[in-house]
Amino acid sequence: MVTFNSSVIAWKGRCHLNAENCHQQWKPLHNPKLLATRDEHVAKLQRLFDGTSSECVYTLFGVLGTAAVDPYKEPEAWVEQCLDDLAAQADLIQDKCVFRPLAVEYGIYGVHFVDKLFGADVHQHPESGQWYSDYLEQPVGGLSYPDLAVDPTWQLAQRATNAFVRADVPLPFFGLPTIASVLNIAVNLYGQDVLEAMVSDPRSVVHDLAVIGHLLLDLHRWYLQTVPREQLQPVVSWQRTQPPGFGQICGCTTQLISAAMYERYAAPWDERVLAAYPNGGMIHLCGHHTQHLAVWRSMRSLRAVQLNDAAAEELAAYFHGLRSDQVIYLNPCAAMTVADAMKITGGQRLVIVDDVSKPPPVS
């Protein structure tokens, strides 16, 4: 299990560094006017989730801090350089039409962060920069919980997180590494073997998904205990921003299985992981997943879906198939433009993730 850091002070009791004591270049990240603008946008987003918004369509397109130092060797310096970068761009958040949140996101090993914790060989393509992982050389059913106390990948993640907390800059959000979902991780670790085992060896699948699920819960709980609630955001924090207290899982691999298989094996864990957050959260979708709409409609902790690529093309199915309190984040594409989305939704329950100049009004 994760050991919580008792030295981290709870957000409500924290004493902010004032502008005179903070890094001079980070003064914009303490600016009360910019903080008020951010909080105004967040309040509008909260009203959308509450079902009380009658304003123009919500649009979101934030700013991710970047750094030149190697995050795998100098996580603290990497965080500081990201904050330098965001401080230089802080005024972008004053856009009144598009919410442009500032974010630091320590996304080491891409979508294979958790795979690395389980001992998978994770490597980066030298040209594309894309991360890949090799399957474990063991049968499904033998997965063990990792020893996080000595795991170098988890230590890096903790160091970066604690560096952000120590910086005590209230304006930016902090995005997590990709803590995906039990099914995503299982497929990353075993490939098609875990899918075949759902038919041939259910007991082994249940065992390994439980090991993965407990790890995901422990990771999320550590971040919930460590990062100020007002600044904690899941992955892609600058474009999937939710109000405080919402989490996120990745549903990419759900397109590979039937609704019955998903409901039996993965959905209970997805529900538990989202329920670790006070307000539930979001599932990211990028393929053909509509066979699961009935299950997602019944998941009380699922409050939003994020659609891009093939999933975005099926916006109508999600809009009509989900509950009225489930918000849709849409990344527009050639086959599902903003105009198309407006015809389908009238702007209701919709967050457009795009760099638009003027959001269309709600019809």
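The values are calculated or read from the model by the stated rules, or taken from the named source; none is laboratory data. Because the structure is predicted, anything quoted here is derived from the model rather than measured. When we count neighbours, we look across all protein chains shown, and the Cβ atoms used for this are built from the backbone with ideal geometry, even at glycine. These area figures cover heavy atoms from the full protein model, side chains too; ligands, DNA and RNA do not enter into them. Shrake-Rupley method; radii C 1.70, N 1.55, O 1.52, S 1.80 Å.
The table for this structure:
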item	result
Cα-Cα P(r), segment 156-289, percent of pairs per 10 Å interval	12, 42, 30, 14, 3, 0
Under the span-like rule (Cα at least 24 Å along the axis, Kyte-Doolittle mean at least -0.5), DSSP H helices of the chain	202-226
GNM result for the chain, Cα springs below 10 Å: residue of A87, A260, A210 fluctuating most strongly	A260
Kirkwood-type radius of the chain, with distances r between different C-alpha atoms, in Å	21.1 Å
Alpha-carbon radius of gyration plus Dmax, which is the widest Cα pair, for segment 48-142 in Å	18.9, 54
Using a Förster distance of 30 Å, the FRET efficiency for A68-D218 (Cβ separation, nearest 0.05)	0.40
Cα principal axis extents for segment 303-363, largest first, Å	29, 25, 18
Value at 222 nm in deg cm²/dmol, rounded to 500, when DSSP H runs of n ≥ 4 in the chain each add -39,500 (n - 2.57)	-11000 deg cm²/dmol
Cα-only Debye scattering, segment 233-347: base-10 log of I(q)/I(0) at q = 0.18 Å⁻¹	-0.89
Reciprocal mean inverse distance between Cα atoms of segment 278-325 - Kirkwood radius, Å	10.8 Å
Non-local Lys pairs in the chain, i.e. 8 or more apart or on different chains, that have alpha carbons under 18 Å apart	7
Rounded to 5, the percent of DSSP beta bridges in the chain classed as antiparallel	10 percent
Segment 227-337, accessible surface, carbon-and-sulfur percent (1.4 angstrom probe)	53 percent
DSSP bridge orientation in segment 221-363 - percent antiparallel, rounded to nearest 5	5 percent
Once exposed loop GluC sites (Glu not before Pro) are cut out (DSSP; at most 13 other Cβ, 10 Å), longest piece of the chain	138-363
Sequence-separation-based contact order of segment 211-363, relative, with Cα cut under 8 Å and 6+ spacing, percent	17 percent
FRET efficiency, 1/(1 + (r/R0)^6) with R0 41 Å, evaluated for N279 and R166 via beta carbons	0.95
R264-A335 pseudo-label distance in nm [points 7 Å out on the Cα-to-Cβ vector]	3.0 nm
Among V353, V114, V338: highest mean-square fluctuation, GNM of the chain, C-alpha pairs under 10 Å	V338
For the chain, built as a Gaussian network whose Cα springs stay under 10 Å, the top-fluctuating residue of Q138, Q326, Q81	Q138
